[in-house]
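Colleague: Structure incoming, see below.
Just so you know, all these numbers are worked out from the coordinates, no wet-lab data involved. Being a predicted model, the structure only gives us computed values, none of them experimental. Here Cβ is always computed from backbone atoms with ideal geometry, including for glycine, and neighbour counts include all displayed protein chains.
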Amino acid sequence: MPNEMIRFRGNATELDQICRIGQILERSGFFNDIRDVDQAVVKCLAGLELGVGPMASMAGIHVIRGKVVLSANLMATCIRRHPDYDFRVREHTDSVCTIEFLRRGEPIGASTFTMEDARRAGLAGGENWRKYPRNMLFARALSSGAKWHCPDVFAGPAYLPDELDAVVDGETGELVSVASPPAMPVGAAMARALEELLRRKGADRDRLLDHYGVGDLAQLGADRYRDAVRALEARPDVQTDPAGSVPVADHFDQDED
């Protein structure tokens, strides 16, 4: 049957087949959001757990900050194909969308999302919300309702890409880009340790800050902090080798390869 759900059973033969499919999909070059075979395989595995095939998984599933996110179209498909759940669109305009959720044919609740909700959440000014308000309202009403009324369809909360700050095409739902997560601030103790390392290496604190475009060591963030520490540790201590030491700030002024 076309609507029969396919589930991953976890045996070695099936996993080997998925890995082979992942290699084909990665080599095809058609999917710009994957960097390697492993990412293609992960998307296919996530899709099989939801009962969808590899091509639908590649188009409609993304992993953002460790969370599996689905396009609104795929989310709707999963609900419609589930043996217990369904939904009906009760109202759908440029200002409101209301979706009623059903379990075994009986209403279990409704989800409404309005342009006023979008404004309160700071969403309404976005390009997609201006160009495709009906699409965006439907996606949000569906996602909210799925979390409330049928989370077992997705084995947990179902997220849309833009709920995790990804940019999607409002017409097709295709993922355009993913925003980088905000840098975690460096704690006071770590900043003091870096100050001590700078002194020990004879490095220029201001030049290091200029290199990273921050005004204080606490603003570096974890990744840049680790990068700075690695560069500093590669230099000799000024106390042990004053003649041969080179201020580490010189490293930060060099162009990247």
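Colleague: Just check the stretch 64-156 against the gyration tensor rule for me: Cα atoms, a ≥ b ≥ c as the square roots of the eigenvalues, rounded for a/c under 1.5, and otherwise prolate or oblate depending on whether a/b exceeds b/c.
Modeller: oblate
Colleague: Next up: From the backbone phi of the stretch 37-51, what are the Karplus-calculated ³J(HN,Hα) couplings (6.51 cos²θ - 1.76 cosθ + 1.60, θ = phi - 60°) in whole Hz, Gly and Pro given as x?
Modeller: Here the 3J(HN,Hα) series is 4, 4, 5, 5, 5, 4, 5, 5, 5, 4, x, 5, 5, 9, x Hz.
Colleague: I've got another one for you. In the stretch 21-69, which trypsin sites (Lys or Arg not before Pro) fall in coil by DSSP and have 10 or fewer other Cβ atoms within 10 Å?
Modeller: 35
Colleague: Search the structure for amide H atoms under 5 Å from the amide H of residue 159, placed 1.01 Å from N in the peptide plane, and list their residues when 5 or more places away or on another chain.
Modeller: 70
Colleague: For the stretch 58-74, what does the Karplus curve 6.51 cos²θ - 1.76 cosθ + 1.60, with θ = phi - 60°, yield as ³J(HN,Hα) per residue in whole Hz, taken in order and with x for Gly and Pro?
Modeller: Rounded to whole hertz, the list is 5, 7, x, 10, 9, 10, 10, 6, x, 10, 7, 10, 10, 5, 4, 4, 5.
Colleague: Can I ask one more? Lysines within cross-link reach of residue 67: Cα-Cα under 25 Å, excluding same-chain residues under 8 positions apart?
Modeller: Excluding near neighbours in sequence, the set is 43, 147.
Colleague: Turning to a different aspect of this structure: Ordered by residue, what ³J(HN,Hα) values in Hz, to whole numbers, does the stretch 145-154 give under the Karplus form 6.51 cos²θ - 1.76 cosθ + 1.60, where θ = phi - 60° and Gly and Pro are x?
Modeller: For the stretch 145-154, the Karplus curve yields x, 5, 5, 7, 9, 8, x, 5, 4, 10 Hz.
Colleague: Once Rh is set to the Kirkwood radius over Cα pairs, what Stokes-Einstein translational diffusion coefficient, in µm²/s, holds for the stretch 1-136 at a temperature of 10 °C and a viscosity of 1.306 mPa s?
Modeller: The calculation lands on 93 µm²/s.
Colleague: In Å³ and rounded to a whole number, note down the convex hull volume per residue for the Cα atoms of the stretch 105-170.
Modeller: Enclosed volume per residue, from the Cα hull, is 99 Å³.
Colleague: Using DSSP to define loop residues, name the trypsin sites (Lys or Arg not before Pro) in the stretch 72-104 whose beta-carbon has at most 11 other beta-carbon atoms within 10 Å.
Modeller: 104
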